[in-house]
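Engineer: This is the structure, below, for whatever I ask next.
Bear in mind these aren't lab numbers, they're just calculated from the coordinates by the rules spelled out. Values in this document were obtained by computation on a predicted structure and should not be read as measured data. With ideal geometry, Cβ positions are generated from the backbone for all residues, glycine too; neighbour counts draw on all protein chains shown.
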Amino acid sequence: MIHIEIPDGPTMHIEHLLLDFNGTIACDGSLIEGVAAAIVDFDSVVEIHVVTGNTFNTAEHELNDLPCKVVILPPEGQANKKHEYLKGLGPEKTAVFGNGHNDRLILKEAAVGVAVLGPEGAAVSAIQAADVVVREIGDAFALLKDPYRLKALLRG
């Protein structure tokens with residue numbers, strides 16, 4: 001669990017990390033450098049879930065040996081299906097990293113939503129729904145590794 005106290009804000013107890021795949025932790029269907037190591041590092045701290053539309057049909061192969069649960073969604077209604085999945089985990093104890101329009105609901109409702117610009121960019125709706133925007137996925141993992149960064153960004 002990751003414990004984050006935001007001055008003049010909420011105290012978060014993060015038990016789950018919900019990740020989008022394409023554009024967030026992968027580029028053109030391949031894991032971005034450093035992501036596999038980050039998933040392994042965070043495995044002892046939080047449960048990691050990758051929920052994806054699997055645009056390039058590579059998610060299961062790319063994540064096969066990593067300690068995370070992979071959920072492949074059908075093409076229709078992905079935003080709502082991701083939202084339902086988040087509700088099952090408990091939004092108040094989940095951090096979300098995403099970049100797409102279909103991530104906007106989970107970025108908004110999670111305890112902390114991080115929009116990742118990355119090499120594929122990010123939907124404006126995802127950025128508007130997020131609590132924080134970062135340049136690349138390594139920066140997103142760094143926010144959870146050093147909660148003082150989140151405190152500085154989100155304090156009242």
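Engineer: Mind ordering 128-139, 88-99, 145-156, 106-117 by average Cβ neighbours within 10 Å, highest first?
Structural biologist: Taking the mean over residues of other Cβ atoms within 10 Å, the ranking is 106-117, 88-99, 128-139, 145-156.
Engineer: Work out the charge dipole of segment 2-154 with +1 on the Cβ of Lys and Arg and -1 on the Cβ of Asp and Glu about the Cα centre, then indicate which of PRO75, GLY118, SER44 is farthest towards its positive end.
Structural biologist: PRO75
Engineer: Another question, if that's okay. Round to the nearest 0.05 the FRET efficiency obtained for SER44 and GLU92 when R0 = 25 Å and r is the Cβ-Cβ distance. Kindly include the intermediate steps, with their values, before the conclusion.
Structural biologist: Details: r = 22 Å, r/R0 = 0.87.
For R0 = 25 Å, the calculated efficiency reads 0.70.
Engineer: While we're looking at this one, here's another question. Can you give me the distance in nm between label points at TYR85 and THR55, each placed 7 Å from the Cα along the Cα-to-Cβ direction?
Structural biologist: Here the modelled spin labels are 1.6 nm apart.
Engineer: Taking K and R as +1 and D and E as -1, what net charge do the other residues with C-beta under 15 Å from the C-beta of VAL133 add up to?
Structural biologist: Here the charged neighbours net out to -2.
Engineer: Now for a separate question. Measure up LYS82/LYS145; LYS81/LYS151; LYS82/LYS108 against 22 Å on the Cα-Cα distance and list the ones that go over.
Structural biologist: Violating the 22 Å limit, Cα to Cα: LYS82/LYS145; LYS81/LYS151.
Engineer: For Rg and Dmax of the Cα atoms in Å, the choices are [x] 17.7, 63; [y] 14.0, 43; [z] 20.0, 61; which was calculated from the structure?
Structural biologist: Evaluating Rg and Dmax of the Cα atoms in Å on these atoms matches [y].
Engineer: Please report the spacing between the Cα centers of segment 5-26 and segment 118-156 in Å, no decimals.
Structural biologist: Going from one Cα centre to the other spans 9 Å.
Engineer: Can you give the relative contact order of segment 21-73 as a percent, counting alpha carbon pairs under 8 Å and 6+ residues apart? Mind showing how you got there, number by number?
Structural biologist: Working: 63 pairs, mean separation 21.2, N = 53.
About 40 percent, as a whole number.
Engineer: Antiparallel versus total DSSP beta bridges in the chain: what percent is that, nearest 5? Don't jump to the answer; show the numbers that get you there.
Structural biologist: On the way: 6 of 26 bridges.
Roughly 25 percent of the beta bridges in the chain run antiparallel, per DSSP.
Engineer: Quick one: if you stick a label point 7 Å off each Cα along the C-beta vector at ALA152 and HIS3, how many nm between them?
Structural biologist: 2.2 nm
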